[in-house]
Structures are given as structure tokens and as C-alpha cells.
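Structure, as C-alpha cells:
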Amino acid sequence: MVELPEINKKLPHKIDKETTLISIKYENNKILSVYELASQGVNREFLEKIEPAIKKQECDDDMKKKFLDVDIDFLNRYQNSMGGVIYEILVNSSICSKI
């Protein structure tokens, strides 16, 4: 994971009008991506609804599959502008095998 410091130098990175990627870390055998949500319109209920699509997208990503194949999980943490965690989505090989 030597690339992470270089990636983090380029952050924050605006993903869309509501979502900004704040940091990427590797801890406890997980790649943790922290996103900040710009408005209250993107809340826990909304993220629960789109969770299956996010998981499918990550499971279908060829680069992420390589990590999943060696039991490295992905954890997407969504937080508000104050740093409070709104929702987390875990993607691992077990989840991907069911999609």
C-alpha cells in the first residue's frame, strides 16, 4: 500500500456535486475510503437504498477484485461536514460471491 501517501496528496477529490473523497487508508486488512457528503439530502436512508449498486460496482471492478481475492476488504465511510459518520458500506469477497 505504498501508493496511499501519494494518492492522499491529491485529496480531497470531488466525486460528484454531493460527494468528496477525503482520504484513503489501509488498516486492519481493509482499504478505508472516507467520503464527505455535502448536503443533508444524502442521508443514511438514501445510502441504504443505493448500497446494493455500490457493492455491485465495487465487486465488478477488476482492480478491486485483485485485492478481494487476497482477502483485503473495502470499507466506504460516509461522513458529514463535521466528520460524523453517517453510514459505512463494507465490500469483501464473501459479499461479492453472493452478487
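Rounded to two decimals, the Cα-based Rg/Rh of the chain, with Kirkwood Rh, is 0.96. Overall shape: prolate for the range 37-77, with the ratio a/c of the largest to smallest alpha carbon gyration tensor axis at 1.5 or above and a/b above b/c. Straightening the chain between residue 69 and residue 38 buys 7.8 nm, computed as 0.36 nm per residue apart minus the Cα-Cα spacing. Sequentially through the range 70-81, phi angles give Karplus couplings (6.51, -1.76, 1.60; θ = phi - 60°) of 10, 6, 9, 8, 10, 10, 9, 10, 10, 10, 7, 5 Hz, Gly and Pro residues having no value and appearing as x. Helical content of the chain, expressed as a calculated mean residue ellipticity at 222 nm, amounts to -10000 deg cm²/dmol (DSSP H runs of 4 or more residues, -39,500 (n - 2.57) each, divided by residue number, nearest 500). Take every pair of alpha-carbon atoms less than 8 Å apart whose residues are at least six positions apart; their mean separation over the length of the chain yields a relative contact order of 24 percent.
Every number in this text was worked out from the coordinates using simple rules, so none of it is lab data. This structure is a prediction, so every number in the text was calculated from the model and none was measured.
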